[in-house]
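Contents: one structure, followed by commentary.
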Amino acid sequence: MSMQQQDIIINGQNVTKLLENRERARKDLSTADRNPKLVANWVGESRSRIEFKNIEIHIGGEGELNPMQIFLASLAACDVDLIAMHAAFIGLKIESLSIEAGGHFNVARYLGLDDGPGPGYDGMSYVVRLRAPGATPEQIEYLREKCERASPVGDSLTRPVPLTLSFEVE
């Protein structure tokens, strides 16, 4: 009779499965490749319906976050996930975790004024607020380092990422 391994759950994360995935990636980095594709459909005015597999959300329009707010939210949500996972890896239980993100951009060029500055963020910052009783300074530094070096969204923001655009007109 074989013993079945009990999954270890910390911070809502299945540490057992995450460690198995990490070990697979250690042996073959290609197992960590991701290549998502989604579709944004114009709904009307400034509202889009985003579809990914069987998931649908709306961005823009009345009562919804706009694309630039979603951009900030992506960074914050990515690092919430990253911190919860890596805290679980080191056995650190989190009582609360929030990230406040902000940034500045100018919409002049977006509005058609070609002499305006680039329409994207020219600076972003964020603050991690973490309550994890018993956390050591070394554990906090470990989590900070993970935010700086292992965040997929943060990494994408801090280096040039090739962007290819094509138009298909019907």
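The values are calculated or read from the model by the stated rules, or taken from the named source; none is laboratory data. Not measured: the values here are computed from a predicted model. Cβ coordinates were reconstructed from backbone atoms using ideal geometry, including for glycine residues, and neighbour counts include every protein chain displayed.
In the range 11-64, how many are within 30 Å of Ala88 (Cα to Cα), over 19 Å from the mean Cα position of the chain (by Cα) and of a type in the set (A, V, I, L, M, F, W, C)?
Result for the range 11-64: 4.
Of everything in the range 72-124 that's of a type outside the set (A, V, I, L, M, F, W, C), surrounded by 11 or more Cβ atoms within 10 Å (Cβ to Cβ) and not in a loop (DSSP other than H, G, I, E, B), which residue is nearest to the chain's Cα centre (by Cα)?
Among those that are of a type outside the set (A, V, I, L, M, F, W, C), surrounded by 11 or more Cβ atoms within 10 Å (Cβ to Cβ) and not in a loop (DSSP other than H, G, I, E, B), it is Ser74.
Check off (1) out of contact with any strand residue (DSSP E or B) (no Cβ under 6 Å at 6 or more places or on another chain); (2) under 30 Å from Val15 (Cα atoms); (3) of a type in the set (Lys, Arg) for Arg109 and give me the number that stays unchecked.
The single condition Arg109 does not satisfy is (2).
Quick one: which of Ala108, Ala73 is out of contact with any His (no Cβ under 9 Å at 6 or more places or on another chain) and in contact (Cβ under 8 Å) with a residue 12 or more places away in the chain?
Of Ala108, Ala73, the one residue that is out of contact with any His (no Cβ under 9 Å at 6 or more places or on another chain) and in contact (Cβ under 8 Å) with a residue 12 or more places away in the chain is Ala73.
Every residue, every condition in (1) among the β-branched types (Val, Ile, Thr); (2) under 29 Å from Val127 (Cβ atoms), yes or no:
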{"residue": "Asn41", "(1), (2)": "no, no"}
{"residue": "Glu56", "(1), (2)": "no, no"}
{"residue": "Ile59", "(1), (2)": "yes, yes"}
{"residue": "Asn66", "(1), (2)": "no, yes"}
{"residue": "Cys78", "(1), (2)": "no, yes"}
{"residue": "Asp81", "(1), (2)": "no, yes"}
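For the range 136-144, state whether one or more residues are within 21 Å of Ile70 (Cβ to Cβ) and among the β-branched types (Val, Ile, Thr).
Looking for residues that are within 21 Å of Ile70 (Cβ to Cβ) and among the β-branched types (Val, Ile, Thr), one finds none in the range 136-144, hence no.
Residue-wise test of (1) free of Cβ contacts under 8 Å to residues at least 40 places away in the same chain; (2) part of a helix (DSSP H, G or I); (3) of a type outside the set (Lys, Arg); (4) surrounded by 10 or more Cβ atoms within 10 Å (Cβ to Cβ).
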residue	(1), (2), (3), (4)
Leu19	no, yes, yes, yes
Glu23	yes, yes, yes, yes
Val43	yes, no, yes, yes
Glu56	yes, no, yes, yes
Gly61	yes, no, yes, yes
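Pull up the range 150-170, narrow it to residues that are out of contact with any Lys or Arg (no Cβ under 9 Å at 6 or more places or on another chain), under 14 Å from Asp81 (Cα atoms) and not β-branched (Val, Ile, Thr), then point me to the one that is surrounded by the fewest Cβ atoms within 10 Å (Cβ to Cβ).
Ala150
Val15 passes all but one of (1) over 24 Å from Pro133 (Cβ atoms); (2) touching a residue at least 60 places away in the same chain (Cβ under 8 Å); which number fails?
It fails just one condition, (1).
Output the residue which, of all residues in the range 130-148 that are buried (at least 16 other Cβ atoms within 10 Å of the Cβ) and under 14 Å from the mean Cα position of the chain (by Cα), is farthest from Glu100 (Cα to Cα).
Per the stated criteria, the residue is Lys146.
Restricting the range 149-168 to residues that are closer than 21 Å to Ala73 by Cβ and not in a helix (DSSP H, G or I), which is nearest to the chain's Cα centre (by Cα)?
Among them, the one singled out is Ser151.
Considering the range 133-170 alone, what residues qualify as being among the aliphatic types (A, V, I, L, M) and either within 21 Å of Lys37 (Cβ to Cβ) or at pLDDT below 95 (or both)?
Val153, Leu157, Val161, Leu163, Leu165, Val169
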